[in-house]
Every structure is written in structure tokens, then in C-alpha cells.
Number of protein chains: 2
Amino acid sequence: MNGLEHLDRLTAALARLPGVGRRSAERMAYRLAWDPDGALRELLEALREAQANVRLCGRCGGLTVAADNPCRLCTNPARDQGVLCVVTDPSDIIAIERTGSFKGRYHALMGIISPMHGEGPKDMRLGSLMRRIAEEKFEEVILALGTDVESESTASYITELLKSKPLRVTRLASGMPAGSGIAYSDPVTLSRAVKGRRAS
Amino acid sequence: MNGLEHLDRLTAALARLPGVGRRSAERMAYRLAWDPDGALRELLEALREAQANVRLCGRCGGLTVAADNPCRLCTNPARDQGVLCVVTDPSDIIAIERTGSFKGRYHALMGIISPMHGEGPKDMRLGSLMRRIAEEKFEEVILALGTDVESESTASYITELLKSKPLRVTRLASGMPAGSGIAYSDPVTLSRAVKGRRAS
């Protein structure tokens, strides 16, 4: 009994966070354990605050507070009600909002189709997406998913679902990222940039 | 008000963990926020368990449980009472114990001398180290600190403090890590390996 057995659960909980492996979770757990009045208490209180205040918007799935549900992005009449941007998760909404390049509505799927991880269409917010499309009369649905294989096949799946609907289905442009050079681009990115070339 | 302001504190608390930068802390906070019934609750409960059960040993500073203080490493009569291994923090004790190559006592300093971070000798458990050395009559003190500049100057500082005491002060061997090749070693490691060469 050296206290380590009480850290196994903490290590496991930390290892669930994005980008945290088993070894780093262990280091974090030890650090929290030997600084119980500083780092551990602060993290506990911050988690309680988040648990008490942060909610997911019942409509778009984005982050909001208990008092604003549906969230302000969903209820703001100044935003374009004809365009729906479909993303994987709530942090994608934050990333797109930061660019200021989109002023429509959002819908977070809370996942992608990933047979490798046992996740299929029923694990995502697809039913509510179809309901919103029927009720909110969008003219365009932008599939702002990732460019990995799983995200691309999720986009194809949704495109197929929406085929018969009277709306445009689009995807984000794929090509060279800002500030990069031809010689440093990977072959897939480069061939997509060539394929998607536009008038100069 | 989109709930993000309630995640600032959580982001800051996560960014205090070892190896976690601002950007990864933000990603973790978002993930926790949109999985409040899974990841967030589990982390909260694991932190509560650690807070309730894990303690730091009042003697060596290592991890222990409330019922064992001083810890079992300090009170085990089968361990060598003549050798004290001084480390930076409690996780170093776990790492050395895993090797099975040391059977003496430990003392965790809980820090190193780091003028850059405003940390001096008074921020470490040096007073209790000197008391233990006076009371516990060690024959050898092993300074098992890191090999970066700050750890080395901390080791030199402690060596100077212990100069007049009737004991041997040693440091860990510095040289080639296991499984590495000459061509891949950095110049500092390699020159230390040459300087510290031993009979074959």
C-alpha cells in the first residue's frame, strides 16, 4: 500500500483525454497526487464549475450555458438561416467561429462513422440532423468534416442520405494549407490541390 | 455566453499538468465539457478518491496512504538504513523502486534550485534532509537528480552543504543510455561517457 492503487483510476480517467497516452496520464496522476492542495484541488473545482454551468445545446450540440438552450448561435436572428454547417464535435464550432468566415447555423454530429472503433451512424446525431433539415428548410448543408478516411466516408454517407432533398450539399475545399510550400506538401494534399485547381 | 468562459479555469488547471500546453489543455477542456456524464464525472470521482486517500509521507516525501505515515519504504526494517537516495520528486522514487536496484531510504526534495523559475533552496525539503542526516546516521547519500543544468547545480549545492558530514556523497553514473549507438549520442552524453570510462 503506497497509495499508487488509488491513482490507477485517476490515470485511466486522464488517459481518456484527447492526446494523452498511458505514460503521460501516469505522470499527471503522480503530479496531482503530490500536490493535493494546489493542482488537484484547483482541477477538482474547475471540473465542478464546468459540470454545473456548461451544457450542450439541444439543437446544434455546441457548447452553451444552462440559461441559453438552444444556444445563442441557434437563436441569433442575425445569422443566416439558410445554411447549415455540419461538424464532428463542439470544438469544431469554436474553431470555425474564430475564423469569422461563416455566419449560418451549426450541427455537431458528436462522432464520425468509424467501423474500426465500432462506431456507426446510430452513434451520431443523424436523426436530429434529418429532423432539422425537414423543419428548418436549409438551402445548403456544408459538411465541414475532417479529411481523414473516416471523416470522408462519413461525408459520403450523409451526402447519400441527403440526395433526394431540395438543397445543395457541399464540402470544405481541400488543398494546400496557408503558408506552406510545394516541396513540403505530402502527395495526397498536393494531388488534391492539383485536382481542385481554380482560375487564377 | 456560450459556456466557454466556464472552461477558462478548467483549461488553466489542465495546463498546470506536466507535458500539457495551452492548446492541448483547451482541447481536453472542450472534450470534458461535451461529455459531462462520462469523462468529466469519471475524472471528478477519480480526483476525489486520490484526494481522500493518497498522502505524502511526512518523512521521505514519497506517495503513501493515510494509514501508512511514515510510509512502508521508511519503516521497512529489511531495507538498508545506511544509504539515503535523494530525488527531486515522488515519482522518481516509483521509477527507482521499479528497477529493484536500490534497497535503502529515500528523500524527495519536491523541487530543484531553479533561479529562472524563482525557486531557491528554501522552496525544497532541505531542512528536513539535514535533520534526517543528523538523526538517521547514513553512511552514504546518493544524489539521484537529473542531468540537466539546474539538477546538476542543485546536486553541487547539496554536496557543498554535506561537505563536513561524516558520509560519502555520490551521484548517479552519467553516460551512454542502454540500447543506444555511438553515432546517435549527443556530444554532451558522449563526452561524459568518455570521461567516465571504466575498466573493461
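The values are calculated or read from the model by the stated rules, or taken from the named source; none is laboratory data. These figures come from a predicted structure and were not determined experimentally. Quick reminder, even Gly has a Cβ in these numbers, built from the backbone with ideal geometry, and neighbours come from all protein chains shown. When the accessible area is computed, the model is the full protein with side chains, heavy atoms only, and any ligands, DNA or RNA have been set aside. Shrake-Rupley method; radii C 1.70, N 1.55, O 1.52, S 1.80 Å.
Worth pointing out:
- Relative contact order [Cα under 8 Å, 6+ residues apart], the stretch B:53-190, whole percent: 19 percent
- Residue-normalised accessible area of the protein assembly as shown, expressed per residue, 1.4 Å probe, Å²: 54 Å²
- Spin-label pair B:Arg41-B:Glu140: with each label point 7 Å from Cα along the Cα-Cβ axis, the two points sit 5.3 nm from one another.
- For chain A, the Rg and Dmax computed from alpha carbons only, in angstrom: 20.9, 70
- For the residues of B:24-30, the average number of beta carbons from a partner chain within 10 Å of their own beta carbon is 5.
- Shape category assigned to the stretch A:16-74 from the gyration tensor of Cα positions, a/c cut at 1.5: oblate
- Taking every residue in A:61-72 and counting other chain Cβ atoms within 10 Å of its Cβ, the average works out to 3.
- In nm, spacing of pseudo-spin labels at A:Asp8 and A:Glu49 (7 Å Cα→C-beta vector): 3.4 nm
- A:Met116-A:Gln81 FRET efficiency (beta carbon distance; Förster radius 35 Å; 0.05 resolution): 0.45
- Accessible surface buried upon B-A contact (total; probe 1.4 Å; Å², nearest 100): 5300 Å²
- Normalised Debye scattering of the stretch A:1-107 at q = 0.10, 0.14, 0.19 Å⁻¹ gives log10 I(q)/I(0) of -0.45, -0.73, -0.96, counting only Cα atoms as equal scatterers and leaving out solvent.
- Computed FRET value (nearest 0.05) for B:Phe102 with A:Asp123, which takes r as the C-beta separation and R₀ as 41 Å: 0.25
- Mean projected area (nm²) of the alpha-carbon convex hull when the protein assembly as shown is viewed from all directions: 27.3 nm²
- Whole-angstrom gap from the stretch B:179-200 to the stretch B:116-174, using each part's C-alpha centre: 25 Å
- P(r) tail, the stretch B:78-171: Cα-Cα pairs separated by more than 15 Å, 58% of all pairs.
- Which of A:Ala134, A:Thr99, A:His117, positive extreme of dipole for the stretch A:80-150 (C-beta unit charges): A:Ala134
- Solvent-accessible area, 1.4 Å probe, carbon plus sulfur percent, for the stretch A:73-200: 57 percent
- Exceedance of the 19 Å cut-off in Cα-Cα distance is limited, within the set A:Lys137/A:Lys165; B:Lys103/B:Lys195; A:Lys103/A:Lys165, to B:Lys103/B:Lys195; A:Lys103/A:Lys165.
- Peptide A:5-16 shows a mean partner chain C-beta count of 6 within 10 Å per residue C-beta.
- By average C-beta atoms within 10 angstrom, highest first, the peptides A:23-29, B:122-128: A:23-29, B:122-128
- For the pair the stretch B:25-51 and the stretch A:43-66, the centres of their Cα atoms are 11 angstrom apart.
- Comparing B:Arg59, B:Arg72, B:Arg16 in a Gaussian network model of chain B (Cα springs below 10 Å), the most mobile by mean-square fluctuation is B:Arg16.
- The H on the amide N of B:Leu145, modeled in the peptide plane, is under 5 Å from the matching H of B:Leu172, each at least 5 residues off or on a different chain.
- Farthest toward the positive end of the dipole of chain B, out of B:Val149, B:Ala29, B:Ile182, is the Cα of B:Ile182, where the dipole comes from beta carbon charges about the Cα centre.
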